[in-house]
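Values quoted throughout were computed directly from the atomic coordinates according to the rules given, and no laboratory measurement underlies them. Only a predicted model underlies this, so the values are computations on that prediction, with no experimental measurement involved. Ideal geometry is used to build each Cβ from the backbone, glycine not excepted, and the neighbour counts take in all protein chains shown.
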Amino acid sequence: MSKEQKRQAFYTQSPEEVLQAMETSDQGLSSSQAQQRLADYGRNELDEGENKSLLMKFLEQFKDLMIIILLVAAVLSVVTSGGEDIADAIIILAVVVINAIFGVYQEGKAEEAIEALKSMSSPAARVLRDGHVTEVDSKELVPGDIVRLEAGDVVPADIRLLEANSLKIEEAALTGESVPVDKDLTVEVSEDAGIGDRVNMAFQNSNVTYGRGVGVVVNTGMYTEVGHIAGMLQNADETDTPLKQNLNSLSKVLTYVILVIAAVTFVVGVFIQGKAPLEELMTSVALAVAAIPEGLPAIVTIVLALGTQVLAKRNSIVRKLPAVETLGSTEIIASDKTGTLTMNKMTVEKVFYDGELREAGQDIELGLELPLLRSVVLANDTKIDQEGKLIGDPTETAFIQYALDKGYDVKAFLEKYPRVAELPFDSDRKLMSTVHPLSNGQYLVAVKGAPDQLLKRCVSRDKAGDIAAIDEATAQLIKTNNSAMAHEALRVLAGAYKIIDAVPAELTTEDLENNLIFTGLIGMIDPERAEAGEAVRVAKEAGIRPIMITGDHQDTAEAIAKRLGIIEEGDTEDHVLTGAELNELSDEEFEKVVGQYSVYARVSPEHKVRIVKAWQNQGKVVAMTGDGVNDAPALKTADIGIGMGITGTEVSKGASDMILADDNFATIIVAVEEGRKVFSNIQKTIQYLLSANTAEVLTIFLATLFGWDVLQPVHLLWINLVTDTFPAIALGVEPAEPGVMNHKPRGRKSSFFSGGVLSSIIYQGVLQGLLVLAVYGYAIANPVHVGDLKAIHADALTMAFATLGLIQLFHAFNVKSVYQSILTVGPFKSKTFNWSILVSFVLLAATILIKPLEGIFHVTQLDWSQWLAVLIGSFAMIVIVEIVKFIQRKLGMDKNAI
């Protein structure tokens with residue numbers, strides 16, 4: 001690109017100044033000028049992000065420290081065995097590769113789901129070229145082009161308006177404001193005005209809902225407001241998820257533990273017992289391999305993947321696996337208002353007529369012949385398609401929907417009163433009037449508009465057919481009710497009419513919109529979703545703070561926040577901060593007061609990023625929802641970005657970790673509950689695996705010190721493969737424990753070892769090791785084959801192997817809860833868990849009971865007394881842990897658990 005566009009404050013300049021700056025005129029460019037500028041400035045499209053190749057996605061799965069440790073251990077196990085024992089290496093490598101394949105597959109699946117949700121397309125544009133209007137692909141637009149807009153168009157670039165005839169543009173994707181913006185060329189716009197207040201501009205990808213306009217293209221591609229936001233994404237900080245941080249911490253802890261174990265074993269063997277250095281090095285490496293839970297990465301991936309399947313069935317599409325767990329640690333949910341907390345549909349809520357204020361749900365006896373309803377239905381440009389869908393301005397469609405909800409035939413009514421003339425709405429008058437013939441030869445003039453403007457033109461009021469002059473008391477009553485609805489953040493419009501004998505030859509506001517008869521007021525709002533209030537309540541009970549961030553006006557945002565319970569009714573403190581007020585605060589000042597505010601109104605994309613970062617700097621885990629391109633930088637910065645599947649833009653979905661297929665805040669709370677369950681189950685899996693590995697390491701280490709040969713490598717390999725894997729996966733899919741949403745979030749500082757897990761791993765691992773050694777010692781002291789040292793050792797070895805395997809299966813029941821009794825959580829509640837224990841038991845028993853396997857596994861046949869000793873030693877694990885848990889509960893230790 002040989003020329004560079006400049007993001008200037010064109011909204012502060014006059015049309016003449018803008019045309020001069022763009023080196024064009026109101027007659028547009030010639031084809032040759034347009035071609036030259038296209039070569040200079042490039043196509044009007046956003047830069048595409050770098051797409052990773054399948055190979056790169058695969059290789060990225062190996063960046064995890066735990067994976068690296070596993071691969072190093074696999075290599076060492078082969079080297080130290082002289083290449084003879086490669087079973088461990090093969091298993092470790094298989095686990096790592098499967099884990100990587102699964103990660104790539106899941107990422108690909110998520111991307112496919114997002115592609116299916118994308119609905120934005122590049123529109124065509126009507127441009128003045130070579131002196132006449134032509135239609136071109138919007139990607140071919142260049143700065144200086146003159147573009148024409150009308151209702152139904154998607155704005156193809158950033159445009160400074162030169163003409164605006166009743167022009168309304170819906171800019172929710174950029175501002176979050178649910179009501180279309182009335183474009184006005186007469187208003188002076190200050191340089192620090194937000195996007196929503198730049199009423200003489202039209203922005204790329206916004207939608208024209210009403211009227212017509214003409215403007216000059218001032219910016220295209222990455223220089224538009226949409227492009228500016230997309231560019232911010234490149235610099236947005238992507239925060240590591242709590243899960244990733246936890247796994248990294250776990251990997252570091254295991255690394256240190258493994259190095260200490262290997263070093264101590266080597267030193268004891270060489271310098272105390274006098275063993276050969278090479279022999280002891282092999283023993284140390286074997287212990288290090290035994291200490292690594294090689295199945296953990298795969299199991300964590302499986303648990304997360306199964307979590308994504310659960311969430312998919314409940315309208316949540318997960319793009320990145322760790323996002324499932326991140327939701328469980330969420331402390332702040334910063335939610336967009338429009339479409340997420342609200343319906344994104346203007347709805348009539350209150351009506352004032354015949355001197356009384358009524359709820360919208362009350363019956364209307366006079367139906368469409370009610371003067372108020374007649375006025376707002378006739379002075380209305382809403383279209384009803386063949387499927388009954390309402391098309392038009394959200395405010396006007398709300399009136400029609402209100403009439404339809406009352407059961408009236410609107411189409412028949414409009415046929416009864418055909419429109420023969422009109423004065424369209426404009427932002428100066430803030431009124432709209434239509435003329436309709438009556439059966440007596442006269443004409444009805446139906447008028448709707450802003451109450452303050454309409455009241456000035458009314459001389460009478462219609463009260464149940466009684467028409468009388470508006471006296472001071474009546475005027476005050478109207479103003480009081482208008483003010484009351486406005487204070488509830490309702491958008492209020494008034495209705496009026498008059499009867500004329502003939503349609504004026506030239507329609508003017510002076511002729512048509514004076515001496516009117518007032519009919520009433522209608523208050524509308526984009527109402528909160530029915531389930532959103534309950535979801536906010538559940539979130540608060542779970543210790544999660546909901547925050548509303550919106551581009552809407554302060555009063556509207558505050559009213560919805562109170563209705564939802566985000567701000568408590570009766571709370572007199574100021575909990576609302578506007579973007580303009582936020583601009584006055586430095587980052588340091590804002591961080592000090594961020595806890596005071598629950599609602600942010602009229603904010604920009606930069607403000608949203610600041611809000612997210614301020615909470616993160618307080619150590620909080622932040623989830624951010626959004627649907628517009630203005631939300632994308634904050635979505636990427638947040639710990640978990642949640643995009644909207646229905647109303648969401650392509651940019652916002654691409655920046656998100658998860659997509660809500662139903663755009664519903666309540667779905668987030670469902671996902672939080674699933675996330676908490678996932679973390680708890682991963683904790684159980686880690687507790688189970690690490691306590692088992694601790695037992696194995698301790699058993700071999702102590703046996704080495706005592707000069708015993710307790711377990712063979714094949715025993716450890718089989719136990720790790722059978723009794724570790726299946727129960728660990730089953731624990732990962734356990735049902736959620738009762739009350740999972742009744743405690744506070746874990747937060748960023750918690751880890752897999754918090755909530756009593758670390759102490760449980762240590763004492764339960766030590767207990768398992770001691771019980772195995774106790775059974776081994778019992779076998780040596782009470783031999784069946786008296787005098788046959790080889791047979792005695794073989795029996796003791798077999799009993800130690802059986803005890804270690806069974807003790808881990810029994811221990812799986814203990815791990816169902818850190819502090820609760822087995823009987824409380826239900827030992828056989830999960831069919832998956834029951835089958836995993838049964839399958840593992842059969843595979844373990846087969847190695848001892850099936851005679852051809854004796855030689856492979858170095859075991860012997862045991863008699864009933866030996867089996868009894870094994871069973872007692874193994875089952876003692878449950879008994880002792882239950883006693884410890886009972887004591888812990890009595891001491892109140894479970895109260896601090898997460």
Check: Sorted by average packing, counted as other Cβ atoms within 10 angstrom per residue and highest first, what order do 684-694, 412-422 take?
Finding: 684-694, 412-422
Next item on the list: Show me 842-855, 212-225 ranked by packing, highest mean number of other Cβ atoms within 10 Å first.
Entry: 212-225, 842-855
Item checked: Label point distance in nm, Gln362-Arg148, each placed 7 Å from Cα along Cα→Cβ -> 4.9
Next item on the list: Work out how far the C-alpha atoms of the range 329-418 reach from end to end along every principal axis, then list the three figures in whole Å, largest first.
Entry: 60, 36, 19
Notebook entry, point to check: Any idea which of Ile659, Leu250, Gly339 is furthest toward the positive side of the dipole for the chain, if Lys and Arg beta-carbons carry +1 and Asp and Glu beta-carbons -1?
Noted result: Leu250
Notebook entry, point to check: Taking N as the number of residues in the range 679-898, what is its alpha-carbon radius of gyration divided by 2.2 N^0.38 Å?
Noted result: 1.06
Check: If we count other beta carbons within 10 Å of each Cβ, what is the order of Phe706, Phe801, Phe726, fewest first?
Finding: Phe706, Phe726, Phe801
Next item on the list: Using only the alpha carbons of the chain, determine the length spanned along each of the three principal axes and report them from longest to shortest in whole angstroms.
Entry: 127, 65, 52
Check: Using the alpha-carbon centroid of each, what span in Å lies between the range 604-668 and the range 409-439?
Finding: 43
Notebook entry, point to check: If you place +1 on the Cβ of every Lys and Arg, -1 on the Cβ of every Asp and Glu, and leave all else neutral, what size is the dipole of the range 679-898 about its Cα centre, to the nearest 20 Debye?
Noted result: 1120
Checklist line | Translational D in µm²/s for the range 481-545 (Stokes-Einstein at 10 °C, 1.306 mPa s, Kirkwood Rh from C-alpha pairs) | finding: 99
Check: Modelled label-to-label distance, Asp863 and Leu705, 7 Å Cα→beta-carbon offset: nm?
Finding: 3.4
Check: Excluding Glu734 itself, what net charge comes from residues whose Cβ is under 10 Å from its Cβ, given Lys and Arg +1 and Asp and Glu -1?
Finding: +3
Item checked: Extension gain (nm, one decimal) between Asp466 and Asp571, 0.36 nm per residue minus Cα-Cα -> 33.4 nm
Notebook entry, point to check: Could you give me the ³J(HN,Hα) list for the range 179-192, computed from phi with Karplus coefficients 6.51, -1.76, 1.60 and θ = phi - 60°, whole Hz, x at Gly and Pro?
Noted result: 9, x, 8, 6, 7, 9, 8, 8, 7, 7, 9, 7, 5, 8
Check: At what distance in nm do the modelled label points of Ala39 and Gln453 sit from each other, each positioned 7 Å from its Cα along Cα→Cβ?
Finding: 4.9
Item checked: Dipole magnitude (debye, nearest 20) for the chain, charges at Cβ of Lys, Arg, Asp, Glu -> 3100
Check: Cross-link partners among lysines for Lys456, C-alpha distance below 20 Å, same-chain residues fewer than 8 apart left out?
Finding: Lys430, Lys448, Lys479, Lys498
Next item on the list: First obtain the Kirkwood hydrodynamic radius of the range 670-757 from its Cα pairs, then insert it into the Stokes-Einstein equation at 20 °C and 1.002 mPa s, and state the resulting D in µm² per second as a whole number.
Entry: 142
Check: log10 I(q)/I(0), Debye, Cα-only the range 347-525, no solvent, q = 0.13, 0.17, 0.20 Å⁻¹?
Finding: -0.60, -1.08, -1.54
Item checked: Dipole-positive endmost among Gly392, Trp867, Ala695 within the chain (Cβ charges, Cα centre) -> Trp867
Item checked: Top positive-direction residue, dipole computed over the range 679-898 with Cβ charges, set Phe679, Ile780, Phe706 -> Phe679
Next item on the list: Would you mind pulling out the separation of the Cα centroids of the range 158-214 and the range 249-264, in Å?
Entry: 61
Next item on the list: Take every DSSP beta bridge whose two residues both sit in the chain, then give the antiparallel share in percent to the nearest 5.
Entry: 75
Note to self: Compute the helix-to-body angle for 296-313: its Cα long axis versus the longest principal axis of the chain, expressed 0 to 90° and rounded to tens.
What the structure shows: 30
Item checked: Neighbour-count order for Val435, Val260, fewest beta carbons within 10 angstrom listed first -> Val260, Val435
Checklist line | the range 755-775 versus the range 837-893: alpha-carbon centroid distance in Å | finding: 14
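Once the piece of chain linking Ser30 and Val253 is laid out straight, how much longer is it, given 0.36 nm per residue of separation minus the C-alpha distance between them?
Residue separation times 0.36 nm, minus the Cα-Cα distance, leaves 73.4 nm.
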Notebook entry, point to check: Sorted by packing (mean other beta-carbon atoms within 10 Å per residue), highest first, where do 316-322, 402-408 land?
Noted result: 316-322, 402-408
Check: How much mean residue ellipticity at 222 nm does the chain get from its helices, if each DSSP H run of length 4 or more adds -39500 (n - 2.57) and you divide by all residues, to the nearest 500 deg cm²/dmol?
Finding: -15000 deg cm²/dmol
Note to self: Just to confirm the number: angle between the C-alpha axis of helix 831-849 and the first principal axis of the chain, 0 to 90 degrees, nearest 10?
What the structure shows: 20
